[in-house]
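Below: the structure, in structure tokens.
Rule-based calculations on the coordinates, nothing more; no lab input. Remember, it's a predicted structure, so these values are computed and weren't measured experimentally. A quick note on method: Cβ atoms are made from the backbone with ideal geometry, for glycine too, and the neighbour counts reach across all protein chains shown.
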């Protein structure tokens, strides 16, 4: 019963039980790389040796990665903890100054960097105070760089021995770290233990959760820097799931081609990616049906209209999920239960559009403004708070711990409801709620409704100042056709079916692109700033 729950145990299990399962990578240069879990294991051993004996990495050191989704990045997920160190994927879509801040705050000792990201890194390299070595991934033969003290990844591990032991660790030691996306301030570091990583991976493959299983082929659209790719490189080895890694090829047309070629039947990512895939599918005439049957969606609310369209038009079923960087991330999944099967489709759709029920291992509660726990009646609204086996209890190297209670509860900053059957539904972020004339208005509910309008491609809602009401909602719209933009009156009539008059925006701005964060969420902080300076267009 004292069996350690570590990433070492995960990769050992994957090698023993699913040695022939594959990782398929569409590399940055476009070529297709295929190898097995057994090959992964062998190279991870070589990487661990190189880290310890050639780079001087010691137990507890932080090792950073700035890389796309591919097999070498998966090797880093196991080889770095194998050396007793902490794997720190860095968000490569952040600004150079933010990446500099994160690397220095984490005190990364070694950086593994995809060749495509080296030009960015060269600009900040002189400012990095802790980095001793740079290891370059996927460099072309003509590669040159101004980075000092660098090596090529394949040269580093090619002749390293494979018959070494993993460095011994305690299951409560840190194995990985990600930084939050920083939508409401500077990014904060979040450490994950070996134990929490193992338990989160187990939860992902539970039938009533994401339910991943052997022989499935998963397209990992979640960036590996985003909460450890939602744990995909870990749960895939426990379940025998083939991983398909698209690296930087994330345009809808390229993804559909990958799905067809690799016969992908599962995928995981943020709604904006699947919105693009859906729009592309509607334009294209496919020669054969897609193998894709189910997607796991998180990071933002998936509109019920898109869930329905994907299901009815293309047979692609959606599992709505919710979590945060601080929760590893999966905490809830909206999967229909036995008593829902006989419900009318419209009622089933409402449930699918919710964020779902808590997973075994975590607990949810709603806290009101008055500091009382709200009832789970589907109507009472409160801040969602969570505790559990893979929920952190503090941020890395900071005194900003206001979000944490001593008894393990974490204040998520998300607002929502929980019904009598335990289905949670987000209504907003606390910072994005609109208070108009003393009444709260949910920007998320308006966004979901607006994206169901036939003339809308994408929609966001923010609060703007109003002399009379304090705040009013502003609709930010990408129309499906610039030649046929819906009018304010169109939206008034459309929204009046679900919303009271005071909740409906009077003003709308039509744009070509809605600002998003590096992980595909609406960047409302940026939208509000652009509106204030008159550049939202």
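In table form, for the structure just shown:
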{"item": "Length gained when the stretch residue 148-residue 59 is fully extended (0.36 nm per residue, less Cα-Cα span)", "result": "29.6 nm"}
{"item": "Principal axis box of segment 197-305, alpha-carbon based, largest edge first, Å", "result": "42, 28, 27"}
{"item": "Mean separation of Cα contacts under 8 Å, 6 or more apart, over the residue count of segment 10-250: relative contact order %", "result": "25 percent"}
{"item": "Label-point gap, in nm, between residue 493 and residue 526 - each point 7 angstrom along Cα→Cβ", "result": "3.5 nm"}
{"item": "For the chain: relative contact order, % (alpha-carbon pairs under 8 angstrom, 6 or more apart)", "result": "11 percent"}
{"item": "Potential extension, residue 16-residue 317 segment - 0.36 nm per residue separation minus Cα distance", "result": "105.1 nm"}
{"item": "The chain: angle of helix 271-283 to the longest principal axis, Cα-based, in degrees nearest 10", "result": "80 degrees"}
{"item": "Value of Rg to Rh for segment 10-250 (Rh from inverse mean 1/r over Cα pairs, i.e. Kirkwood)", "result": "0.94"}
{"item": "Crossing angle, helix 194-204 versus the chain [Cα axis fit, 0-90 degrees, rounded to tens]", "result": "50 degrees"}
{"item": "Rg over Rh [alpha-carbon atoms, Kirkwood Rh] for segment 267-344", "result": "1.00"}
{"item": "Volume per residue of the C-alpha convex hull in segment 311-410, rounded to whole Å³", "result": "140 Å³"}
{"item": "Whole-number percent relative contact order across segment 398-537, with pairs defined as alpha carbons under 8 Å at least 6 apart", "result": "16 percent"}
{"item": "Difference of contour (0.36 nm per residue) and Cα-Cα distance, residue 251 to residue 501", "result": "86.1 nm"}
{"item": "Estimated FRET transfer efficiency when R0 is 56 angstrom, pair residue 484-residue 163 (beta carbons, to 0.05)", "result": "0.25"}
{"item": "Crossing angle, helix 304-314 versus the chain [Cα axis fit, 0-90 degrees, rounded to tens]", "result": "70 degrees"}
{"item": "Measure of compaction for segment 21-81 (Cα Rg per 2.2 N^0.38 Å)", "result": "1.19"}
{"item": "Overall form of segment 433-532 per C-alpha gyration tensor (a/c, 1.5; a/b vs b/c)", "result": "oblate"}
{"item": "Where labels lie 7 Å past Cα in the beta-carbon direction, separation of residue 42 and residue 130 in nm", "result": "3.5 nm"}
{"item": "Distance between segment 268-324 and segment 438-498 - C-alpha centres, whole angstrom", "result": "23 Å"}
{"item": "Computed [θ] at 222 nm, deg cm²/dmol, the chain (DSSP H ≥ 4; -39,500 (n - 2.57); rounded to nearest 500)", "result": "-8000 deg cm²/dmol"}
{"item": "Identified option (computed percent of Cα pairs over 36 Å apart; candidates (i) 49; (ii) 33; (iii) 36)", "result": "(ii)"}
{"item": "Approximate spin-label separation residue 533-residue 399, in nm, with each point projected 7 Å along Cα-to-Cβ", "result": "3.2 nm"}
